Amino acid sequence: MKNIKVLFIKPPIPYHLNPKEQQPLGVLYVASYIRSMRYEVSLVDLSDKKINEAINFIPEADVYAFTSSFLDLYACHQLAKEIKTKFNNSKIIVGGNGPTSSPEYVNPEIFDSMVIGEGEKAMSTFLDDVYNNRKFKKRYSEFFLSENELNKLPFPARDLLDYQGGKIFNFGDEYIEGQSTGIITSRGCPFNCSFCASESMWHRKVRFRSVNSVVAEIKEIINKFGIYKIKFQDDTFTLNEKRVINICKEIENLNKQYNKKWNKLMDFFHFCLFW
């Protein structure tokens, strides 16, 4: 184990009515990857905390890594300033679609560095620079992992969360608290919708994980966490119809194995495929 403690932070999101209903899969992917590099990794989810009290829930670490949308940048800046005061020998880095789409809004006097784009390799390079006492850069950017590399990534570090999600579906159904999760089977989208930040994050480049990799993650979710309610959170899940159908067939096989049903999910897929 490398003697650097890395704390990933999901900042307060006071604008959200149910702040813990969605797992931060992006930062969980990065945390899992960094852990595989033998760094000591933990995560604090402050999404349901008030900005002015969040510092009380942050333990001491060597490196603090924020995930941030554009809306979260204010909270991240406020917290980072307090961390600098309380733990003045630490390093602070921020990543996510906020810094990626609008790096000019990241204050370099508050954050030691930022990640632009995909975080796994970029964060690993930053930590290696810190660990080896090299001069680290103000920006780290790694575009993009190949499909083969995506298939080899460790699955998101869901075990770092103290809560596995609530009402993550949008159909008015009530689900047992802590018994649902999300999954991402691809990265990117070929479109450039005016309301979406996907283009700035992925540059309209799409990479698909293999069906086998997706099924393996679903099995881990079931066997490790006892969760059967899963939401596909791809930017556009139905881009490749044949692939979607193959995933559906594999889920049907899992249903037989675990004696579960997915009728509502099938209705959702039919809507997406033929709308």
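The values are calculated or read from the model by the stated rules, or taken from the named source; none is laboratory data. Bear in mind that the values here come from a model prediction, so they are computed numbers and not experimental data. Note: ideal-geometry Cβ built from the backbone for every residue, glycine included; neighbour counts use all protein chains shown.
Quick one: what pairs do we get from the stretch 142-160, first residue surrounded by 17 or more Cβ atoms within 10 Å (Cβ to Cβ) and at pLDDT 95 or above, second among the basic types (K, R) and not in a loop (DSSP other than H, G, I, E, B), C-beta under 6 Å, 6+ apart or different chains? Filtered contacts from the stretch 142-160: L150/R207.
For the stretch 84-98, the set of residues classified as assigned to a helix (DSSP H, G or I) and in contact (Cβ under 8 Å) with a residue 60 or more places away in the chain consists of N97 only.
State which residue pairs qualify: first residue more than 16 Å from M201 (Cα to Cα) and inside the stretch 102-124, second residue basic (K, R) and in a loop (DSSP other than H, G, I, E, B) in any location, beta carbons under 9 Å apart, and separation of 6 or more residues or different chains. Matching pairs, first to second residue: P108/K138; F111/K138; D112/K138; S113/K137; S113/K138.
Residue-by-condition table, conditions (1) touching a helix residue (DSSP H, G or I) at 6+ places or on another chain (Cβ under 8 Å); (2) farther than 22 Å from P103 by Cα; (3) assigned to a helix (DSSP H, G or I):
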{"site": "F8", "(1), (2), (3)": "yes, no, no"}
{"site": "Q23", "(1), (2), (3)": "yes, yes, no"}
{"site": "R35", "(1), (2), (3)": "no, yes, yes"}
{"site": "E40", "(1), (2), (3)": "no, yes, no"}
{"site": "V44", "(1), (2), (3)": "yes, yes, no"}
{"site": "I55", "(1), (2), (3)": "yes, yes, yes"}
{"site": "P59", "(1), (2), (3)": "no, yes, no"}
{"site": "F66", "(1), (2), (3)": "yes, no, no"}
{"site": "D72", "(1), (2), (3)": "yes, no, yes"}
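Checked against (1) part of a loop (DSSP other than H, G, I, E, B); (2) surrounded by fewer than 17 Cβ atoms within 10 Å (Cβ to Cβ); (3) at pLDDT 90 or above; (4) not polar (S, T, N, Q), E220 passes all but condition (1). Contact annotation: residue pairs with Cβ atoms under 8 Å, 6 or more positions apart or on different chains, pairing a residue in the stretch 1-28 that is touching a residue at least 24 places away in the same chain (Cβ under 8 Å) and farther than 22 Å from K121 by Cα with a partner that is of a type in the set (K, R) and crowded, with 18+ Cβ neighbours inside 10 Å, are P12/K49. Can you tell me which residue within the stretch 91-138, out of those that are under 18 Å from V6 (Cα atoms) and either among the small types (G, A, S) or not assigned by TED's automatic domain parsing to the domain that holds Y64 (or both), is surrounded by the fewest Cβ atoms within 10 Å (Cβ to Cβ)? Among them, the one singled out is S124. If you go through the stretch 45-62 and keep only what is at pLDDT 95 or above, surrounded by fewer than 19 Cβ atoms within 10 Å (Cβ to Cβ) and closer than 13 Å to D162 by Cβ, you end up with just F57.
Scanning the stretch 183-209 for residues that are in a loop (DSSP other than H, G, I, E, B) and free of Cβ contacts under 8 Å to residues at least 40 places away in the same chain gives N192, C193, S194, F195, C196, R204, V206.
Does the stretch 99-113 contain any residue that is under 21 Å from S42 (Cβ atoms), modelled with pLDDT of 95 or more and part of a helix (DSSP H, G or I)?
First, the residues of the stretch 99-113 that are under 21 Å from S42 (Cβ atoms): 111-113.
Restricting the remaining residues to those that are modelled with pLDDT of 95 or more gives 111-113.
Still in the list and also part of a helix (DSSP H, G or I): none.
Within the stretch 99-113, none of the residues are under 21 Å from S42 (Cβ atoms), modelled with pLDDT of 95 or more and part of a helix (DSSP H, G or I).
State yes or no: is Y33 touching an Asp or Glu at 6+ places or on another chain (Cβ under 8 Å), closer than 29 Å to W202 by Cα and among the hydroxyl-bearing types (S, T, Y)? So Y33 fits the description; yes.
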